[in-house]
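*Asks:* First, the structure itself, so that you have it in front of you.
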Amino acid sequence: MYDINEWKHVFKLDPDKEISDEDLEKICESGTDGIIVGGSDNITEDNVLNLMSRIRRYLIPCVLEVSNAEAIIPGFDLYFIPTVLNSSSTRWIIDLHHEAVKEFGEIMNWEELIVEGYCILNPDCKAATLADAKTDLSIEDVVAYARVAENMFHLPIFYLEYSGKLGDITVVEQTKKALTSTKLFYGGGITSAEEAKNFAQYADAVVVGNIIYTDLNAALQTVEAVK
Ligand SMILES: CC(C)=CCC/C(C)=C/CC/C(C)=C/CC/C(C)=C/CC/C(C)=C/CC/C(C)=C/CC/C(C)=C/COP(=O)(O)OP(=O)(O)O
Ligand SMILES: O=P(O)(O)OC[C@@H](O)CO
Ligand SMILES: [Mg+2]
């Protein structure tokens, strides 16, 4: 399924982390809607290529979430491009994008690109520090970012990112109410089927990452819980 508008569940695999062939097969054949390859630390052409070619043994849609312009390689079905709407620095909102398009603009297939309006809400996660995110936000602030994403920037995805920590379900609920066409992705701290189901009540798609590496069975159970 390449229509991300239909996605309900996604696994995010980190090129900087080890996963056995056996575990990777379980993830790719779990019934999830897609695999996002992405992370914030030590993302290189080599480890992205290695993980992509291993995922490519399966039929599952495979997306590169670009966090580093040096590690963009051809061969993915889609490229998710984060723009951190609540960053204090234009670098993570537009500057890196401008630089990358200046370099790759001539050879880009724009149809493969999907821009994600990120709102990073866990102050302790690496992405928050890296992108200098303003995380001390009220629900009204978050909802306003969602409205900007949909009604002003027409972004296909608004991503509530709590990486490493379970988020505030009320924030997710209120954000969903403010969106009509932009899809709401929720990611952060999901470690069980119950948590996945809870967040999937409001998020269009839930993203499950770290638990893959610490409790694979719990990760696998999140798929059925939301589908
Ligand atoms: C040759 C070829 C195939 C060309 C294709 C053309 C193409 C796709 C060009 C790209 C053009 C483009 C506009 C690129 C953007 C470049 C770029 C570097 C943008 C900045 C991205 C950004 C804002 C990054 C900030 C950090 C962030 C939001 C990362 C997202 C991923 C994330 C949050 C991962 C979680 O990390 P993790 O390591 O799991 O963290 P924990 O430790 O907390 O678990
Ligand atoms: O790794 P976790 O905490 O599951 O978060 C998933 C994803 O949103 C990270 O970018
Ligand atoms: Mg992670």
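The values are calculated or read from the model by the stated rules, or taken from the named source; none is laboratory data. Just so you know, these numbers come straight off a predicted model, no measurement behind them. All Cβ positions, even for glycine, are placed from backbone atoms using ideal geometry, and neighbour counts span all protein chains on display. Quick note on the areas: whole protein, heavy atoms, side chains included, nothing else; ligands and nucleic acids left out. Shrake-Rupley method; radii C 1.70, N 1.55, O 1.52, S 1.80 Å.
*Asks:* Percent of alpha carbon pairs in the stretch 74-117 separated by more than 11 Å?
*Replies:* Here the long-distance tail beyond 11 Å is 68 percent of all Cα pairs in the stretch 74-117.
*Asks:* Residue 29 to residue 192: extension gain in nm, 0.36 nm per residue of separation minus the Cα-Cα distance?
*Replies:* Residue separation times 0.36 nm, minus the Cα-Cα distance, leaves 56.8 nm.
*Asks:* Answer rounded, prolate or oblate for the stretch 1-100, using the Cα gyration tensor with square roots of eigenvalues a ≥ b ≥ c: rounded when a/c is under 1.5, else prolate when a/b is larger than b/c, else oblate.
*Replies:* It comes out prolate by the Cα gyration axes.
*Asks:* Roughly how much of residue 97 is accessible, in Å² to the nearest 10, using a 1.4 Å probe?
*Replies:* Looks like 40 Å² after rounding.
*Asks:* Considering the Cα positions of the stretch 133-214, please state its Rg to one decimal place and its Dmax as a whole number of Å.
*Replies:* 12.4, 39
*Asks:* Compute the distance in nm between two label points, each set 7 Å from the Cα along the Cα-to-Cβ direction, one at residue 41 and one at residue 73.
*Replies:* Result for the modelled spin labels: 2.2 nm.
*Asks:* Estimate the FRET efficiency between residue 224 and residue 181 by the formula 1/(1 + (r/R0)^6), using the beta-carbon distance for r and 35 Å for R0, to the nearest 0.05.
*Replies:* 0.80
*Asks:* Another one. Please work out the C-alpha center-to-center distance from the stretch 173-227 to the stretch 68-108 and express it in whole Å.
*Replies:* 25 Å
*Asks:* Round to a whole number: what % of the accessible area of the chain belongs to carbon and sulfur, probe 1.4 Å? Can you show the working numbers first?
*Replies:* Values: 5400 of 11060 Å².
Looking at the chain in its full context, I get 49 percent from C and S.
*Asks:* Can you pull the Rg over Rh of the chain, Cα-only, Kirkwood?
*Replies:* 0.93
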